[in-house]
Amino acid sequence: MHTTASTTTVAAERTVELAPDEAFALFGTPRAGSWLFGARCDGVCPGATVSLRLPLDPDGTGPGVDVLGRLARVVPGALLEVEHTQPWRGRLAVRFVPAGRRRTRVRVRADVPREGVDWLLHRRGLPLPEPPDDGALRLGAITTASGTGAVYSVSAELMAELAVDEVNAAGGVAGRRVRLLTADDATDAEQAAHEAARMARLGCRAVFVNSTSASFDAVRRRLEHTGVLVVHTVINEGGRSSPTAVRFGERPHAQLDALIGPEPPARWFLVGQAYVWSFGAHAAARRAVERAGGHVAGEALVPLGTTDFDATVERVLASGADRILSTLVGADEVAFERRCATAGVRERARTISLVLDESTLAHIGPDAATGLRTALGYFQDTALPGNAALLARYRDAFGPWAPPVTALSEGMYEAIHQYARVLHADPDADAAAHGRALVQGRSGTAVGARDLLRPALYVAEAGRDGLEIVQQVTARSQDRNTWMRQ
């Protein structure tokens, strides 16, 4: 590892008893193992989704950092370049260098930018640098750049930045520029609360949480009575809220009405995680299955961060279920669906997945994902007014290999724009007044002004070319926040 004033170069290499073209051909496959840095990729071509572990020491024996990105350049047998956004934005190269007869030296090199250096130092316990006081109005965004949730959060920070840039380009808020402070909660509620407290100390007027319900609840509790508005921008199980804690996003009971309601009576198996999101979603699922005349044959709840689903899949097969509901999120959902595909579950049961966005789908891969169904309020291919222009601005800002815009990241963009309008209209009001106005001011279906409390839903099915919308559903069954007076 070599550090300069602005970057740190991370490099490591390993030598294998294979010719360069043979080693190259194993990239992304299970047969490669750790000597190819744990890479997983379903197709070695520009634009393909890839994950790998970046070593932080020359011999590659340390814990390393999980990197999620897309292949930006491919030279067969010689070079792969990965452009990534998680856990920071950057580019790395994997080279396959001849090292004698049927031997290859596999080298990985990444020039880590300042934000990546800060992330690495913060991971080791050092505080993040504090921004200078430039008079800007500060907003906080807590996303998930590492851990289980990184898979679904890859474009959330980019969309938050795009929203703030657009607000500033339009003149800012009440004559002041807006500055975005970001943090990674590492899919950990305690870390989320710690980062939220830092943002409050640095003067953020609102904190937008693009992470799990556990992280949102930890942030809500930590910032209660601080005068900071907390906004959950992604799908969640609902529950009691307050004027200073707003829950946006799809609700599972509405998703399940759209997905289970049209189904004939079936035998269901529920697979989720042992925290509040799956608890709430599975309670809604039992009601939806009962209304449809079906039966819940079994349930499995696993900890966040589970990678081995052999036992869960065995229970699914033993139950005789012909329908599966997955409320798993991020990397856990990827591991489960890939295991279902290899175990032959697809031939026996249809699966619906409540948190299946374009990013998660890309990591599952088309072979394992085909036939999965979901229902969300936004997909990249929706014909919403303004969506084509939004996608064009996003690509112009972040390049052709930026991760897809998804329901989870577009919700972050929407929430920031809508809050900025509320704040501009009454900059001196307190967080409770802003929270009430944010909820009451929702309107329309155009990008930037969508109803985030009761969004219209789209049912989509995974195929070889991604998620294809098969039906639009009205928003009548989405519930409203329940307010508690403070």
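The values are calculated or read from the model by the stated rules, or taken from the named source; none is laboratory data. What you see is a predicted model; the values in this text were computed from it and never measured. Neighbour counts run over all protein chains shown; Cβ positions are idealised from the backbone, glycine included.
Observations
- Candidates in the stretch 391-447 are the residues that are closer than 25 Å to Gly47 by Cβ, in contact (Cβ under 8 Å) with a residue 24 or more places away in the chain and among the aliphatic types (A, V, I, L, M); of these, the one that is surrounded by the fewest Cβ atoms within 10 Å (Cβ to Cβ) is Ala397.
- Filter result (outside any strand (DSSP E or B) and in contact with a Lys or Arg (Cβ under 9 Å, 6 or more places away or on another chain)) within the stretch 131-154: Pro131, Asp134, Gly135, Ala136, Ser146
- Any hit, the stretch 232-241, residues being free of Cβ contacts under 8 Å to residues at least 60 places away in the same chain and either closer than 30 Å to Asp133 by Cα or touching a Leu at 6+ places or on another chain (Cβ under 9 Å) (or both): yes
- Checking Ala369, Ala462 one by one, the residue that is surrounded by 19 or more Cβ atoms within 10 Å (Cβ to Cβ), in contact with a strand residue (DSSP E or B) (Cβ under 6 Å, 6 or more places away or on another chain) and farther than 25 Å from Val209 by Cα is Ala369 and no other.
- Residue tally, condition surrounded by 15 or more Cβ atoms within 10 Å (Cβ to Cβ) and free of Cβ contacts under 8 Å to residues at least 24 places away in the same chain, over the stretch 10-37: 4
- Leu80 falls short of the stated requirement of being within 24 Å of Glu190 (Cα to Cα), assigned to a strand (DSSP E or B) and at pLDDT 95 or above.
- Residue within the stretch 426-437 that is farther than 22 Å from Val50 by Cα and under 20 Å from the mean Cα position of the chain (by Cα) present: no
- Looking across the stretch 215-257, the residues that are over 26 Å from Gly441 (Cβ atoms) and of a type in the set (A, V, I, L, M) come down to Ala218, Leu256.
- Test result for Ala311, farther than 25 Å from Gly239 by Cβ, over 25 Å from the mean Cα position of the chain (by Cα) and either assigned by TED's automatic domain parsing to the domain that holds Phe269 or part of a helix (DSSP H, G or I) (or both): yes
- Selection of helices (runs of 4 or more DSSP H) fully inside the stretch 156-275 by the criterion of at least 2 residues being surrounded by fewer than 18 Cβ atoms within 10 Å (Cβ to Cβ) returns 156-169, 189-201.
- Odd one out for Ser51, checked against (1) surrounded by fewer than 18 Cβ atoms within 10 Å (Cβ to Cβ); (2) of a type in the set (Gly, Ala, Ser); (3) not in a loop (DSSP other than H, G, I, E, B): (1)
- Leu92, sole failed condition from (1) of a type in the set (A, V, I, L, M, F, W, C); (2) part of a strand (DSSP E or B); (3) over 30 Å from Asp21 (Cβ atoms): (3)
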